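Have a look at the structure below before the remarks.
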Amino acid sequence: MKVLVINAGSSSLKYQLYDMNDESVLAKGLVERIGMDSSILTHKPTGKEEVTEVSEILEHTTAIRKVLDKLVDKEHGVLNSVDEIQAVGHRVVHGGEAFKSSALVTPEAKAEIRRLFDLAPLHNPPAISGITAAEKNMPGVPQVVVFDTAFHQTMEEKVFLYPIPKVLYKKHHVRRYGMHGTSHYYVSRVAAEYLNRPLEDLKIITCHIGNGGSLTAIKDGKSYDTSMGLTPLEGLMMGTRSGDLDPAVVTFVMNKEELTISEVNSMLNKHSGLLAISGSSSDMRDITDGLEAGEPNATLAFEMYEYRLRKYIGSYAAALNGVDVIVFTAGVGENSAVVREKVCENLTYLGVEIDPELNKIRSGEPRRISSANSKVEVLVVPTNEELVIARDTLRIVEESK
Ligand code: ADP
């Protein structure tokens, strides 16, 4: 079966086409600047040359049509006909409490995703645009939705509730949901497989650190706690997001600076984190370059980032009453040896010891970076959220037959 995976953002659409017989990627690509002038389609067919096309793409329906055209294109295509695509899987950020796992797209499922717009105003509306666009372009092809929040639905009430008036949970569903669930799920499974140990026997802390970042404490293969909350703002210091702070900072700053709700939201989501402290960049590559050059602002940004990450690892070791495996994944986790080194340098009390040489290797494969003496296995596992979406899509479509 060939499965098309779609990840729709407000002005972008990423795609990957899988042949599920061997889980190979036939093509992948990205449409950027949807709704703006000069939209860009970058198409990468496996084994053929990458192609970039600039045109006007006003909405997601046209974006998907252009992608399908490329997939069957004589020169750049990988399919004879669009009919070869037998299912479509969509990434959806927020599944609220309604979706504890992936689901077939039905009118009810779409209505539920729409009800969740309030909780994910930036993310769920584009997902609906992507679904509608796929339905229009590929009528009759089954579609599946896979949620970032679903893996974390196993969190207990004591973990997911905020200590605020309970009426807010009842009326407005204010609670912790967590994000990046597909990635935490995937890398924890790969880690257990790599170590050749039963997943259920392992206490795992997965660190998904990219532009956004979250940690998950995994017990019995299930998400026990995770660092993101109602929205992706809670938890770690990130590229442009503050992560945890005293909630009173918000009202204090709003008052002093006469900021509106949207201004303070923008400050905490887009102008904080590494960017705010370094004063120059949200990209960990620039921050570590600055650190090496002894640049004081970049050094402070790095130290704060590492310290906050390490505190979370410590708190999850407490939550799990120990830790057997720490997994690093996503842009920073997979690529930044210095972040991994500095974090682990200060986790010796847990018995963590990494091998500096193993830590330097870059392979794109799951690998161990802890030394033979380490009491905790420390792994780098490249994440693959698209593959999880493709697998779930295949499973759900087969089950629904
Ligand atoms: P997103 O959260 O947008 O999915 P990614 O997981 O792709 O992001 O991570 C992107 C981030 O990864 C970049 O902003 C950059 O900070 C970081 N990154 C990528 N390569 C490196 C590297 N070689 N060294 C340090 N950081 C890196």
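Values quoted throughout were computed directly from the atomic coordinates according to the rules given, and no laboratory measurement underlies them. Keep in mind that this is a model prediction, so the values were computed, not measured. Cβ placement follows ideal geometry from the backbone for every residue including glycine, while neighbour counts extend to all protein chains displayed.
Charges at C-beta only: +1 for Lys and Arg, -1 for Asp and Glu. How large is the resulting dipole of the chain about its Cα centre, in Debye rounded to 20?
With Lys and Arg at +1 and Asp and Glu at -1, about 900 debye.
Enter the angle in degrees (range 0 to 90, nearest 10) between the Cα long axis of helix 60-71 and the first principal axis of the Cα atoms of the chain, meaning the one along which they spread out most.
The angle comes out near 80 degrees.
Quick check for me: using +1 on Lys/Arg Cβ and -1 on Asp/Glu Cβ, what's the dipole size of region 187-232 about its Cα centre, in debye to the nearest 20?
Dipole magnitude for region 187-232 comes out near 40 debye.
So how much slack lies between Asn21 and Arg362, counting 0.36 nm per residue of separation and subtracting their Cα-Cα distance, in nm?
Length gained between Asn21 and Arg362: 119.9 nm.
Just the number, please: Stokes-Einstein D of region 118-163 in µm²/s, Kirkwood Rh from C-alpha pairs, 10 °C, 1.306 mPa s.
In µm²/s, the coefficient rounds to 120.
So which of Lys28/Lys74; Lys110/Lys219; Lys28/Lys311; Lys342/Lys375; Lys28/Lys342; Lys170/Lys203 end up more than 27 Å apart, counting from Cα to Cα?
Lys110/Lys219; Lys28/Lys311; Lys28/Lys342; Lys170/Lys203
Find the Cα radius of gyration of region 206-352, compare it with 2.2 N^0.38 Å by division, and give the number to two decimals.
Compared with the compact-globule rule of thumb, region 206-352 sits at 1.08.
Just to be sure I understand the curve: with the Debye formula and one point per C-alpha of the chain, what is log10 I(q)/I(0) at q = 0.13 Å⁻¹?
-1.21
Calculate the dipole size of region 246-400 relative to its Cα centre from +1 charges on Lys and Arg beta carbons and -1 charges on Asp and Glu beta carbons; express the result in debye to the nearest 20.
On the way: 15 positive and 25 negative charges, 60 e Å.
That gives a dipole near 280 debye.
Can you give the angle from 0 to 90° between the axis of helix 181-195 and the longest principal axis of the chain, with both taken from C-alpha atoms, to the nearest 10?
The answer is roughly 70 degrees.
Can you tell me the Rg and Dmax of region 58-137, counting just the alpha carbons, in angstroms?
Looking at region 58-137, its Cα Rg and Dmax stand at 14.5, 45 Å.
Using the alpha-carbon atoms, what tilt in degrees (0 to 90, nearest 10) does helix 296-320 show relative to the longest principal axis of the chain?
That helix lies at roughly 90 degrees to the long axis.
Normalized C-alpha radius of gyration of region 199-264, against 2.2 N^0.38 Å?
Relative to the 2.2 N^0.38 Å estimate, region 199-264 comes out at 1.45.
What does the convex hull of the alpha-carbon atoms of region 1-146 project to on average, in nm²?
Working: hull surface 33.6 nm².
Projected area, direction-averaged: 8.4 nm².
If you wrap a convex hull around the Cα atoms of region 167-240, how much volume per residue is inside, in Å³?
Here the figure is 90 Å³ per residue.
At 25 °C and a viscosity of 0.890 mPa s, what translational diffusion coefficient does Stokes-Einstein give for region 1-86, taking Rh as the Kirkwood radius over Cα pairs? Give it in µm²/s as a whole number.
The Stokes-Einstein estimate is 191 µm²/s.
Run the reach check for Lys256 against lysines, Cα to Cα strictly under 25 Å, same-chain hits fewer than 8 apart removed. What comes back?
Correct list for Lys256: Lys270.
Once the piece of chain linking Ala319 and Leu245 is laid out straight, how much longer is it, given 0.36 nm per residue of separation minus the C-alpha distance between them? Before the final figure, lay out the partial values.
Details: separation 74, 0.36 × 74 = 26.64 nm, distance 2.03 nm.
Value of the extension gain: 24.6 nm.
Cα centroids of region 313-337 and region 11-60: how far apart, whole angstrom?
One Cα centre to the other: 33 Å.
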